[in-house]
Amino acid sequence: MALNAPPARHVSQRIDRLDDHHAIPYLRELIVFLVAAGIVVPIVHTLRISPVLGYLVVGGIIGPFGLGLLADDLPWLAHVVIADVEGVSTLAELGVIFLLFVIGLELSLKRLWTMRRLVFGLGGLQVLISGAVIALVAWEFGNSPQASIILGACLALSSTAIVMQLLIERRRLATPLGRSSFSILLFQDLAVVPILFMLGVFGAKMQTGVGIALTLALAKAVMVIVGIYLVGRVVLRPLFQMVSQTRSAETFMAAILLVVIGTALITDLAGLSMALGAFLAGLLLAETEYRHQVEVDIEPFKGLLLALFFMSVGMGIDYRLVGQEALWIALSVFGLFAVKSLITGGLCLAFGLPRDVSIETGLLLGQGGEFAFVVVGLAMSLGLVPSDTGHFMLIVAGLSMVATPLVAWTGRRLAAAVEKREPNGGEVASDAPVEELADHVVIAGFGRIGRLVGEILDAEGIPYVALETKPRVVAEFRAAAIPIYYGDAARIEMLRRVHADRATALVLTIDDANANARIVRVARAEWPDLPIHARAHDSQHAAELLALGATDVVPETVEATLQMGVRLLSGLGLPVELAQRRIDDRRLAMMEVLKS
């Protein structure tokens with residue numbers, strides 16, 4: 001993704017010599033990245049700025065056009081400079097793949113189908129109109145028709161990685177802004193196929209058969225997508241059932257990585273976007289009971305690799321050229337945002353979205369995208385775009401990505417101002433129903449006791465969601481349309497996935513004393529006011545759970561004895577009501593002892 005060759009040959013040679021001492025590729029770069037990430041995250045949290053912006057800036061500092069410019073004069077800097085941006089960018093692209101996979105997990109095929117109007121209507125028009133306008137501007141500046149079309153097509157696409165990460169950070173993916181932005185970005189990923197094909201046509205200088213070739217390419221893309229869907233529907237659930245039965249976290253993670261990277265590779269070999277393949281894999285897994293556990297396990301990989309991607313974008317910008325062409329580059333970045341924001345915002349209005357949402361969506365999607373680096377780089381290698389023009393436009397695309405967090409902040413402020421003048425501006429009929437768990441009960445463990453609790457809640461019309469680590473139990477009750485998912489409730493990330501923060505109660509029915517204790521500990525530390533009802537084996541276990549913060553406990557042995565006492569007293573001639581009252585008094589006395 002580097003926009004130009006690193007300026008100092010000696011720096012690269014010195015760094016190459018350093019790398020010769022290591023058997024692991026990019027080991028030094030990885031260490032530099034981890035150190036930088038450890039510095040960036042605390043700073044951005046303290047300053048309350050977007051981590052995306054922080055990574056972009058730090059990438060520019062430690063890249064070949066930042067501290068790398070001083071490495072010849074200060075040799076020790078060679079240890080903290082990442083010179084091989086192109087190699088690092090290859091690894092960083094996995095971050096975008098995992099991001100699209102997680103986004104697919106958040107959706108379902110049913111919800112995606114309800115969004116078809118926005119995806120193919122709004123998204124399609126945005127790409128076509130934005131591409132045409134940018135191509136006309138490029139042609140007016142003296143570019144050839146082919147170069148103008150290429151620049152228009154690739155700059156019409158926005159940065160999926162940056163936009164989606166900003167939406168996730170601000171928890172706005174499920175809002176009208178998130179749905180409209182995601183719909184456009186999804187179509188842009190689909191547009192990669194015809195754009196790459198067009199590039200091949202221009203490069204081969206084909207004169208005839210273009211329409212037939214394009215039709216065949218699109219038909220191939222459709223066949224690949226349908227094939228992935230059909231195979232995934234048959235294979236994925238049995239695969240994860242088999243893997244989860246091993247109770248091995250490593251095996252489960254290996255299966256996730258296999259599905260994500262394998263599907264991405266299949267679409268890449270078919271000429272489609274790797275990110276699109278990962279999205280399809282996530283979409284298929286979203287229909288299974290394993291979606292929440294997969295989200296929890298994949299999150300660290302996605303976050304680290306996305307951070308590496310953002311840093312690689314910052315590394316690729318040659319700020320010396322920015323200084324030499326400062327005015328034209330600034331005007332070009334501003335013009336790119338202006339053109340795309342006006343077109344996207346106008347289309348959003350035409351599709352019935354409120355003004356505040358339209359304004360914010362337009363500004364959020366006004367930047368160039370990571371795909372521009374691929375297309376323009378390939379176009380330069382084919383001689384379709386002059387080298388100086390290509391490098392200039394890559395700098396414009398890169399700087400527009402760097403500016404996105406600040407532009408998005410501005411868009412949010414403008415949208416808020418518009419919404420104040422139009423109180424109902426933020427209310428819009430959703431094209432896709434959003435899964436909003438609230439005022440529900442979370443049941444950890446769905447054995448005989450958990451099932452009985454679920455039946456009681458069903459009878460009273462109280463919503464609940466269950467977590468279970470036994471795949472056969474999960475499969476059995478998922479088939480009966482019970483809201484149950486595979487996952488470990490002792491992991492705080494899993495409890496967050498089922499919205500324990502909005503739950504009315506957490507019920508622990510797991511037949512494992514240690515597991516119950518871990519769940520009480522993590523849940524009480526995270527949500528001090530959440531009612532926690534726990535199953536205990538005996539009085540000692542009950543006292544332990546109460547000490548950890550459980551609201552109420554039911555000792556199995558004690559409760560069984562008390563219930564036997566009710567039947568014994570009534571069998572000896574005591575009225576049932578009186579027998580029950582006597583036992584209830586005994587139960588209360590015992591609970592007081594346990595709590596003391």
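The values are calculated or read from the model by the stated rules, or taken from the named source; none is laboratory data. Values in this document were obtained by computation on a predicted structure and should not be read as measured data. Positions of Cβ are generated from backbone atoms using ideal geometry, with glycine treated the same way; all protein chains shown enter the neighbour counts. Just the protein is used for accessible areas: all its heavy atoms, side chains included, with ligands, DNA and RNA removed. Shrake-Rupley method; radii C 1.70, N 1.55, O 1.52, S 1.80 Å.
At a glance:
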quantity: Subset tally (residues that are in contact (Cβ under 8 Å) with a residue 12 or more places away in the chain and surrounded by fewer than 21 Cβ atoms within 10 Å (Cβ to Cβ)) for region 338-353; calculated: 6
quantity: Matching residues, region 139-152, being in contact with a helix residue (DSSP H, G or I) (Cβ under 8 Å, 6 or more places away or on another chain), in a helix (DSSP H, G or I) and open to solvent by 10 Å² or more (accessible area, probe 1.4 Å); calculated: Trp139, Pro145, Gln146, Ile149
quantity: Residue match in region 356-363 (condition: farther than 15 Å from Ile184 by Cβ and open to solvent by 20 Å² or more (accessible area, probe 1.4 Å)); calculated: no
quantity: Test: residue in region 115-133 that is buried (at least 16 other Cβ atoms within 10 Å of the Cβ), at pLDDT below 80 and closer than 21 Å to Leu56 by Cβ; calculated: no
quantity: Leading residue by the ranking (surrounded by the fewest Cβ atoms within 10 Å (Cβ to Cβ)) among those in region 308-326 that are farther than 17 Å from Gly368 by Cα and of a type in the set (Gly, Ala, Ser); calculated: Gly323
quantity: Leu562 being part of a helix (DSSP H, G or I), aliphatic (A, V, I, L, M), open to solvent by 10 Å² or more (accessible area, probe 1.4 Å) and at pLDDT 80 or above; calculated: no
quantity: Qualifying positions in region 254-279 - in a helix (DSSP H, G or I) and modelled with pLDDT under 85; calculated: Thr267, Asp268, Leu269, Met274, Ala275, Leu276, Gly277, Ala278, Phe279
quantity: Members of region 249-279 that are open to solvent by 30 Å² or more (accessible area, probe 1.4 Å) and either among the charged types (D, E, K, R) or within 26 Å of Thr469 (Cβ to Cβ) (or both); calculated: Ala249, Glu250, Thr251, Met253, Ala254, Leu257, Leu258, Ile261, Asp268
quantity: Residue within region 526-534 that is within 27 Å of the chain's Cα centre (by Cα) and either more than 26 Å from Pro300 (Cα to Cα) or in contact (Cβ under 8 Å) with a residue 12 or more places away in the chain (or both) present; calculated: yes
quantity: Index of the failed condition, Ala83 passing every other in (1) modelled with pLDDT of 80 or more; (2) assigned to a loop (DSSP other than H, G, I, E, B); (3) in contact with a Gly (Cβ under 9 Å, 6 or more places away or on another chain); (4) of a type outside the set (Asp, Glu); calculated: (1)
quantity: Members of region 534-559 that are at pLDDT 80 or above and in a loop (DSSP other than H, G, I, E, B); calculated: Gly549, Ala550, Thr551
quantity: Identity of the residue in region 292-306, closer than 15 Å to Arg491 by Cα and in contact (Cβ under 8 Å) with a residue 60 or more places away in the chain, that ends up most open to solvent (accessible area, probe 1.4 Å); calculated: Glu299
quantity: Answer from Leu34, Leu70 - the residue that is open to solvent by 20 Å² or more (accessible area, probe 1.4 Å), over 30 Å from Glu169 (Cβ atoms) and at pLDDT 70 or above; calculated: Leu70
quantity: Residues located in region 198-231, provided they are within 23 Å of the chain's Cα centre (by Cα) and modelled with pLDDT under 85; calculated: Ile225, Tyr229
quantity: Top-ranked residue of region 476-492 - restricted to ones that are touching a residue at least 40 places away in the same chain (Cβ under 8 Å) and in contact with an Asp or Glu (Cβ under 7 Å, 6 or more places away or on another chain), ranked as surrounded by the fewest Cβ atoms within 10 Å (Cβ to Cβ); calculated: Arg478
quantity: Check on Val442, modelled with pLDDT of 90 or more and touching a Phe, Trp or Tyr at 6+ places or on another chain (Cβ under 8 Å); calculated: yes
quantity: Hits in region 166-185 - residues which are open to solvent by 30 Å² or more (accessible area, probe 1.4 Å) and of a type in the set (S, T, N, Q); calculated: Thr175
